[in-house]
Amino acid sequence: MLSIVVGTRPEIIKMSPIIRYCQEKNIEFNIIHTNQHYSYDMDRIFFEDLNLPEPNFNLEIGSGTPGDQTGKMLSKIETVLMKEKPGIVLVQGDTNSVLAGALAASKLHIPVAHVEAGLRSFDRNMPEEINRILTDHIADYLFAPTNISKENLIHEGIISGVSVVGNTIVDATYQNLNIANDKSTILQDLGLKKGDYFLVTLHRAENVDDKDILSNILSSLSNLSKIYAEPILFPVHPRTEKMIQTFNLSSSLNGITCIKPVGYLDFLVLEGNARLVLTDSGGVQEETCILNIPCVTLRDTTERPETIDAEKNILAGREPGTIISCVKSMFVKKISNQNPFGSGDSGKQIVEILTKC
């Protein structure tokens, strides 16, 4: 039996092709959900949108300091694994849920499979970077999305158990885009037209937990609304909303259309029809690359260098002048159809490799 550990929106989305393939082939599995994303909008709606089975185990961890959150996850995941005794534990990405799942399994001598192994930003100030590195060095099966990721692993001395399989985000995007276009009414609901708006996502701690940095980014977005005729659409992450209120930065949102977080299918439609996307999310960098939408990343580093090599993404940092300059550059850039993340069969490849073990 496979135990699939998830905890956040990106993990649910990127594990969905694996879950679907297990269902299709009648492969026994269970889903352990740490509930690291604990609000309805950020969590359960994605299971519903993707027509996925409810998790077998909801650990109800919620928010907390990194140590407190990871510790609680480790203890509760261990309890489930001791009872269920799976043959392999799958984790995906770089969250606290990923590290806790990998540690719990490893200490019980259960093989660990890391989906999206080998990504590196080379910035250890990012907590996600620490989680990636530790998980890769624990894992028995390392599913690298690209050859760049594989080379990162080799550089760290990790050679055994590595397979380049593409990224399951391609599977998820291809599988769900047509459904999203048929079912979603988000453009009509918001009065938007294809190619006539900018889309923004912002949630990383290094961007939203520092008042000066958050103020710089919001000021840049407000200035962009004056430079371009396009609306600036901003589905506000709960963490970001909290910090905007804490820092009294609501006045910096002039010209920005703020909305509540939307479901995955609605977000796919918003991404696929945007003129340009500004983000600090790794997953959104990948999705825009797959959808051929220009992306401006509000960070100094990225663990998705393939998106920059494909000339669909640019690193803008957090200074207003640089952000606006990068938007101007990507606004006029001709975007290619190049997709460095695979053909959309990563979930199948992963499950077939694991079931042959």
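Things to note:
- Violating pairs (Cα-Cα greater than 32 angstrom) within the set 72/183; 183/312; 85/183; 183/211; 194/260: 72/183; 85/183; 183/211
- Loop-located GluC sites (Glu not before Pro) across the range 203-282 with a Cβ neighbour count of 15 or fewer within 10 Å are lacking, with loop assigned by DSSP.
- Positive minus negative residues near residue 305 (Lys, Arg vs Asp, Glu; Cβ under 15 Å): -4
- Considering only 52, 268, 221, the Gaussian network model of the chain with Cα springs below 10 Å gives its largest mean-square fluctuation to 52.
- Of 51, 26, 254, the one that fluctuates the most in a GNM where the chain has Cα springs shorter than 10 Å: 26
- Percent carbon-and-sulfur accessible area, the chain, ignoring ligands, DNA and RNA, probe 1.4 Å: 49
- Accessible area per residue for the chain is 41 Å², calculated with a 1.4 Å probe on protein heavy atoms, without ligands, DNA or RNA.
- Note: relative contact order over the range 65-202, using C-alpha pairs below 8 Å and six or more positions apart, is 17 percent.
- Applying the criteria of a DSSP loop state and at most 15 other Cβ atoms within 10 Å to the GluC sites (Glu not before Pro) of the range 1-47 yields 28.
- Aspartates and glutamates with Cα under 13 Å of residue 14, excluding same-chain neighbours fewer than 8 positions away: 94, 116, 171, 286, 287, 345
- Among 345, 189, 140, the largest mean-square fluctuation in a Gaussian network model of the chain, built with springs joining Cα atoms closer than 10 Å, belongs to 189.
- Heavy-atom accessible area for residue 203, with the other protein chains in place and a 1.4 Å probe, reaches approximately 60 Å².
- Here is what passes the span test in the chain: the DSSP H helices with alpha carbon length of 15 Å or more along the helix axis and a Kyte-Doolittle mean of 0.5 or above are 96-107, 320-332.
- Cα gyration tensor, the range 145-282 - rounded (a/c under 1.5), prolate or oblate: oblate
The values are calculated or read from the model by the stated rules, or taken from the named source; none is laboratory data. All figures in this text were calculated on a predicted structure; none of them were measured in a lab. Glycine also receives a Cβ, built like all others from the backbone with ideal geometry; neighbour counts cover every protein chain displayed. Please note that ligands, DNA and RNA were not included when accessible areas were found on the heavy atoms of the full protein model with its side chains. Shrake-Rupley method; radii C 1.70, N 1.55, O 1.52, S 1.80 Å.
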